[in-house]
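Undergrad: If you scroll down you'll find the structure; I have some questions about it.
The values are calculated or read from the model by the stated rules, or taken from the named source; none is laboratory data. Note that this is a predicted model, so its numbers are computed, not measured. Note that we place each Cβ from the backbone using ideal geometry, even for glycine, and neighbour counts take in every protein chain shown. What goes into the accessible areas is simple: the full protein's heavy atoms, side chains included, and nothing from ligands, DNA or RNA. Shrake-Rupley method; radii C 1.70, N 1.55, O 1.52, S 1.80 Å.
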Amino acid sequence: MARGGSNALLSFETIAERMDVTKRTVLDNYRNWDIPIVRVSDRILRVRERDFEAWIDARTE
């Protein structure tokens, strides 16, 4: 189990704000960056907060 964060589902807009990039940047790159997503429906994607924090931690030097 990843440490920190919650099971709250974050929108790509929230992810973009936390990364200080545009939402379009996140949408264009989330696959290449291997951000773990949760598919809520065919058109709605979210990121579990704890997964996002673990993803950031893994890339922090």
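Undergrad: Every residue in the range 27-61 that is among the basic types (Lys, Arg) and either without any contact (Cβ under 8 Å) to a residue 40 or more places away in the chain or at positive phi (or both), please.
TA: Within the range 27-61, the first condition is being among the basic types (Lys, Arg), and the residues that meet it are 31, 39, 43, 46, 48, 50, 59.
The answer is Arg31, Arg39, Arg43, Arg46, Arg59.
Undergrad: Give the residue, chosen from Ile15, Ile56, Ile44, that is in contact with a strand residue (DSSP E or B) (Cβ under 6 Å, 6 or more places away or on another chain) and not acidic (Asp, Glu).
TA: Working: Ile56 fails: in contact with a strand residue (DSSP E or B) (Cβ under 6 Å, 6 or more places away or on another chain); Ile44 fails: in contact with a strand residue (DSSP E or B) (Cβ under 6 Å, 6 or more places away or on another chain).
Exactly one of Ile15, Ile56, Ile44 is in contact with a strand residue (DSSP E or B) (Cβ under 6 Å, 6 or more places away or on another chain) and not acidic (Asp, Glu), namely Ile15.
Undergrad: In addition: Considering each of Arg46, Arg59 in turn, give the residue that is charged (D, E, K, R) and out of contact with any Ser or Thr (no Cβ under 7 Å at 6 or more places or on another chain).
TA: Working: Arg46 fails: out of contact with any Ser or Thr (no Cβ under 7 Å at 6 or more places or on another chain).
Unique residue meeting the criteria: Arg59.
Undergrad: Anything in the range 1-19 that is at pLDDT below 95, open to solvent by less than 80 Å² (accessible area, probe 1.4 Å) and not hydrophobic (A, V, I, L, M, F, W, C)? List them, or say none.
TA: Selection gives Gly4, Gly5, Ser6.
Undergrad: Another question, then. Which of the residues that make up the range 34-53 are under 10 Å from the mean Cα position of the chain (by Cα) and either small (Gly, Ala, Ser) or not in a strand (DSSP E or B) (or both)?
TA: Asp34, Ile35, Pro36, Ile37, Glu49, Arg50, Asp51, Phe52, Glu53
Undergrad: Could you count how many residues in the range 20-61 are among the hydrophobic types (A, V, I, L, M, F, W, C) and surrounded by fewer than 16 Cβ atoms within 10 Å (Cβ to Cβ)? Working first, answer last.
TA: Kept after step one, since they are among the hydrophobic types (A, V, I, L, M, F, W, C), are these residues of the range 20-61: 21, 26-27, 33, 35, 37-38, 40, 44-45, 47, 52, 54-56, 58.
Adding the requirement that they be surrounded by fewer than 16 Cβ atoms within 10 Å (Cβ to Cβ) leaves 21, 27, 33, 38, 40, 44, 56, 58.
Number of matching residues: 8.
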